[in-house]
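**Student:** Okay, handing you the structure first.
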Amino acid sequence: MIDLSHPLHEAMPVYPGDPVVEISDVDKAEWSTSKDRHVNLGRMTFGLHSGTHMDAPFHFLNDGATIDQISVSQCAGDACAVRVQGERIGRKDLIQSETIIRQTKRVILNTGWFHRWGDNDYFTAHPVLTKEAAEFLRDSGAILVGIDTPSVDHSPFEAHLVLLGAGIVIVENLTNLDALPPSPFEFAALPLAIKGRDASPVRAVAWR
Ligand SMILES: [Zn+2]
């Protein structure tokens, strides 16, 4: 299995305006004494869009499904990868993959941007999906769209609205996409079942 996820760690890069990731010790085994047994027990605070994560429709749509309502079947199964280039991913970049998108319904867009993780402009200068490309994915029956950028688009978020509006989940900040097996392959990105919320970090993996 290939791991497509960024590790979560203290002070990791996060989307501008999101809370920083903080991890600390509640208890430590090294505090044990002959009378008193301690264990390693951590706590973490983080924005739900930290690292490799899944957006649920509720992220943009008040009446959309929340992350705990997303079926695990939607998050795992057949997938294909599409290598795309340029700053704007259009319908023309996807159309040659229409057949395999229709077959697999889970589409991983490899823009190559994951190589820029940690760069100053990672969260601001990334490639985006056009509204037309999002509509093409929706009309091709996609149920999950993954990408190696921090977001599928910028304000006014037309691609987010098209995808989430159709019940398609979005996996952002994927990494290691050059290691994907040839399409079609199996893919899984399971969110934590956080009640009533908009997103969750995922451990995204692929295998044949
Ligand atoms: Zn998003």
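The values are calculated or read from the model by the stated rules, or taken from the named source; none is laboratory data. A quick note: this is a predicted structure, and the numbers were derived from the prediction, not measured. Counting neighbours? That spans all protein chains shown, and the Cβs are built from the backbone with ideal geometry, glycine included. Areas reflect the complete protein model, heavy atoms only, side chains present, ligands, DNA and RNA absent. Shrake-Rupley method; radii C 1.70, N 1.55, O 1.52, S 1.80 Å.
**Student:** Please pick out the residue among Thr111, Thr33 that is within 24 Å of Ala204 (Cα to Cα), among the β-branched types (Val, Ile, Thr) and modelled with pLDDT of 95 or more.
**Tutor:** Every option except Thr111 fails the conditions.
**Student:** Additional query: With the checklist (1) assigned by TED's automatic domain parsing to the domain that holds His154; (2) open to solvent by 80 Å² or more (accessible area, probe 1.4 Å) in hand, flag the one item Glu30 doesn't pass.
**Tutor:** Among (1) assigned by TED's automatic domain parsing to the domain that holds His154; (2) open to solvent by 80 Å² or more (accessible area, probe 1.4 Å), the lone unmet condition for Glu30 is (1).
**Student:** Also, I was wondering about something else. Return the residue satisfying two criteria in turn: it lies in segment 183-208 and is assigned to a strand (DSSP E or B) and of a type in the set (D, E, K, R), and of such residues it is surrounded by the most Cβ atoms within 10 Å (Cβ to Cβ).
**Tutor:** Glu186
**Student:** Does Ala133 satisfy being of a type in the set (A, V, I, L, M, F, W, C) and within 12 Å of the ligand (Cβ to nearest atom)?
**Tutor:** So Ala133 fails the test.
**Student:** Do you know which residues across segment 161-182 are among the aliphatic types (A, V, I, L, M), more than 13 Å from the ligand (Cβ to nearest atom) and not in a loop (DSSP other than H, G, I, E, B)? Outline the logic, then answer.
**Tutor:** Here is the first cut: in segment 161-182, the ones among the aliphatic types (A, V, I, L, M) are 161-164, 166, 168-171, 174, 177, 179-180.
Retained after the next criterion (residues that are more than 13 Å from the ligand (Cβ to nearest atom)): 166, 177, 179-180.
If the condition is that a residue be among the aliphatic types (A, V, I, L, M), more than 13 Å from the ligand (Cβ to nearest atom) and not in a loop (DSSP other than H, G, I, E, B), then Leu177, Ala179 are the ones that fit.
**Student:** Quick test for you: out of Ile100, Ile108, pick the one residue that is part of a strand (DSSP E or B) and away from the ligand (no atom under 14 Å from the Cβ).
**Tutor:** Numbers: Ile100 fails: part of a strand (DSSP E or B).
Step by step, each of Ile100, Ile108 is checked, and only Ile108 is part of a strand (DSSP E or B) and away from the ligand (no atom under 14 Å from the Cβ).
**Student:** Does Pro7 satisfy the condition of being within 19 Å of Ala199 (Cβ to Cβ) and in contact with a Phe, Trp or Tyr (Cβ under 7 Å, 6 or more places away or on another chain)?
**Tutor:** Against the criterion (within 19 Å of Ala199 (Cβ to Cβ) and in contact with a Phe, Trp or Tyr (Cβ under 7 Å, 6 or more places away or on another chain)), Pro7 does not qualify.
**Student:** Just checking, how many residues over segment 34-60 are within 16 Å of the ligand (Cβ to nearest atom), in a loop (DSSP other than H, G, I, E, B) and either of a type in the set (Gly, Ala, Ser) or open to solvent by 10 Å² or more (accessible area, probe 1.4 Å) (or both)?
**Tutor:** Total satisfying the criteria: 8.
**Student:** Hey, another quick one. Within segment 1-27, count every residue that is part of a loop (DSSP other than H, G, I, E, B) and open to solvent by less than 60 Å² (accessible area, probe 1.4 Å).
**Tutor:** Qualifying residue count, segment 1-27: 8.
**Student:** For segment 61-85, name all the residues that are open to solvent by 50 Å² or more (accessible area, probe 1.4 Å), part of a loop (DSSP other than H, G, I, E, B) and within 20 Å of Phe136 (Cα to Cα).
**Tutor:** Across segment 61-85, the qualifying residue is only Gln85.
**Student:** Examine segment 120-134 for a residue that is of a type outside the set (S, T, N, Q), open to solvent by 30 Å² or more (accessible area, probe 1.4 Å) and assigned to a loop (DSSP other than H, G, I, E, B), and state whether such a residue exists.
**Tutor:** Yes, the conditions are met somewhere in segment 120-134.
**Student:** Which residues, counting only those in segment 136-167, are free of Cβ contacts under 8 Å to residues at least 40 places away in the same chain, of a type in the set (A, V, I, L, M) and under 14 Å from Val107 (Cα atoms)?
**Tutor:** Scanning segment 136-167 gives Val145, Ile147, Val152, Leu163.
**Student:** Every residue in segment 139-160 that is more than 11 Å from the ligand (Cβ to nearest atom) and either in contact with a Lys or Arg (Cβ under 7 Å, 6 or more places away or on another chain) or farther than 14 Å from Ile89 by Cβ (or both), please.
**Tutor:** Asp139, Ser140, Gly141, Ala142, Ile143, Leu144, Ser155, Pro156, Glu158
**Student:** Over 30 Å from Ala179 (Cβ atoms) and either modelled with pLDDT of 95 or more or within 16 Å of the ligand (Cβ to nearest atom) (or both) - does that describe any residue in segment 3-19?
**Tutor:** First pass over segment 3-19, keeping only residues over 30 Å from Ala179 (Cβ atoms): 17, 19.
Next, from what is left, pick out any that are either modelled with pLDDT of 95 or more or within 16 Å of the ligand (Cβ to nearest atom) (or both): 17, 19.
Looking through segment 3-19, at least one residue is over 30 Å from Ala179 (Cβ atoms) and either modelled with pLDDT of 95 or more or within 16 Å of the ligand (Cβ to nearest atom) (or both).
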